[in-house]
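Student: Right, I'll just put the structure down here and ask away after.
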Amino acid sequence: MNNMIVHEVSDLGAVDITELLTESKEEGFRNIHRLVNEYKEGINTFQHVDEALFECRVGHRVIGICGLNRDPYSDGSIGRIRRLYVLKEFRRHGAGRKLVDAVIHMASSHYTKLVLKTDNPKAAEFYKNLGFKENADDELVTHELEL
């Protein structure tokens, strides 16, 4: 799967993520639906200098997405991974890792720590394998990475 390319997305409205939206809904995940709605409503457009939204493509097909936001629960020194989703057929082929690597690379220029919250055991294992530490003491953060 060396033909996977990660790009920063400047306008989500110009990106066809229908396949991500459909599959994530079928799996019972609401995060891509939230991503689209919050973007359309202007709630979260990843437009701050220390924020970004990344897509992973194979050819013209968007196979994954992941965002970086300023953590709303901190003083501005912490970034938060948001809305990671990779199509099932591309999981365990490096797409998620490429997306999170892009987020970590950008976050390291702006933040001292990267955090996230997941209730998905497979996602929890994925982040642990990337070096994130589990955090059991915080209801807003399940995993964190010092940058």
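The values are calculated or read from the model by the stated rules, or taken from the named source; none is laboratory data. Just so it is clear, the model here is predicted, and its values are computed rather than measured. With ideal geometry, Cβ positions are generated from the backbone for all residues, glycine too; neighbour counts draw on all protein chains shown.
Student: Give just the number: which of (1) among the aliphatic types (A, V, I, L, M); (2) buried (at least 18 other Cβ atoms within 10 Å of the Cβ); (3) farther than 23 Å from residue 3 by Cβ does residue 99 not satisfy?
Tutor: (3)
Student: Which residues, counting only those in region 1-20, are assigned to a loop (DSSP other than H, G, I, E, B), closer than 21 Å to residue 105 by Cβ and in contact (Cβ under 8 Å) with a residue 12 or more places away in the chain?
Tutor: 1, 3, 9, 15
Student: Search region 103-128 for residues that are in contact (Cβ under 8 Å) with a residue 24 or more places away in the chain and pair each with any residue that is outside any loop (DSSP other than H, G, I, E, B) and basic (Lys, Arg) when their beta-carbon atoms are under 6 Å apart and the residues are at least 6 apart or on different chains.
Tutor: 115/80
Student: I want to confirm something. Restricting to region 102-116 and keeping residues that are surrounded by fewer than 16 Cβ atoms within 10 Å (Cβ to Cβ) and not small (Gly, Ala, Ser), which single residue is farthest from the chain's Cα centre (by Cα)? Steps first, answer last, please.
Tutor: Taking region 102-116 first, the residues surrounded by fewer than 16 Cβ atoms within 10 Å (Cβ to Cβ) are 105, 108-109, 112.
Then drop every residue that is not not small (Gly, Ala, Ser), which leaves 105, 112.
Details: 105: 13, 112: 18 Å.
Looking at residues that are surrounded by fewer than 16 Cβ atoms within 10 Å (Cβ to Cβ) and not small (Gly, Ala, Ser), I get 112.
Student: Regarding region 35-54, can at least one residue be identified that is among the charged types (D, E, K, R), surrounded by 12 or more Cβ atoms within 10 Å (Cβ to Cβ) and in contact with a Leu (Cβ under 6 Å, 6 or more places away or on another chain)?
Tutor: Keep residues of region 35-54 that are among the charged types (D, E, K, R), which gives 38, 40-41, 50-51.
Add one more test, that the residue is surrounded by 12 or more Cβ atoms within 10 Å (Cβ to Cβ), and what stays is 38, 50-51.
Then keep just the ones that are in contact with a Leu (Cβ under 6 Å, 6 or more places away or on another chain); that gives 51.
Yes, that holds for at least one residue.
Student: Would you check which residues across region 63-90 are out of contact with any Gly (no Cβ under 8 Å at 6 or more places or on another chain), crowded, with 19+ Cβ neighbours inside 10 Å and over 15 Å from residue 142 (Cα atoms) and list them?
Tutor: Going through region 63-90, the residues out of contact with any Gly (no Cβ under 8 Å at 6 or more places or on another chain) turn out to be 63, 65, 67, 72-80, 88-89.
Within this subset, residues satisfying the condition of being crowded, with 19+ Cβ neighbours inside 10 Å are 63, 65, 67, 78-80.
Selection gives 63, 65, 67.
Student: Does any residue in region 53-66 that is closer than 10 Å to residue 19 by Cβ come within less than 7 Å, Cβ to Cβ, of a residue that is among the small types (Gly, Ala, Ser) six or more places away or on a different chain, and which pairs are these?
Tutor: 63/95
Student: Assuming residue 135 fulfils every condition listed in (1) modelled with pLDDT of 95 or more; (2) touching a His at 6+ places or on another chain (Cβ under 7 Å) apart from one, which condition is it?
Tutor: (1)
Yes/no per residue for (1) more than 13 Å from the chain's Cα centre (by Cα); (2) modelled with pLDDT under 95; (3) within 26 Å of residue 145 (Cα to Cα):
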position: 9; (1), (2), (3): no, no, yes
position: 12; (1), (2), (3): yes, no, no
position: 16; (1), (2), (3): yes, no, no
position: 40; (1), (2), (3): yes, no, no
position: 60; (1), (2), (3): yes, yes, no
position: 72; (1), (2), (3): yes, yes, yes
position: 80; (1), (2), (3): no, no, yes
position: 88; (1), (2), (3): yes, no, yes
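Student: What's the number of the condition residue 135 fails, among (1) surrounded by 16 or more Cβ atoms within 10 Å (Cβ to Cβ); (2) in a strand (DSSP E or B)?
Tutor: Failed condition: (1).
Student: Count, please, the residues in region 21-48 that happen to be without any contact (Cβ under 8 Å) to a residue 12 or more places away in the chain and part of a loop (DSSP other than H, G, I, E, B). Spell out how you get there, then give the answer.
Tutor: Filtering region 21-48 for residues without any contact (Cβ under 8 Å) to a residue 12 or more places away in the chain gives 22, 25-26, 28, 30, 37-38, 41-43, 47.
Narrowing the set further to residues that are part of a loop (DSSP other than H, G, I, E, B) leaves 28, 30, 41-43, 47.
Residues meeting the conditions: 6.
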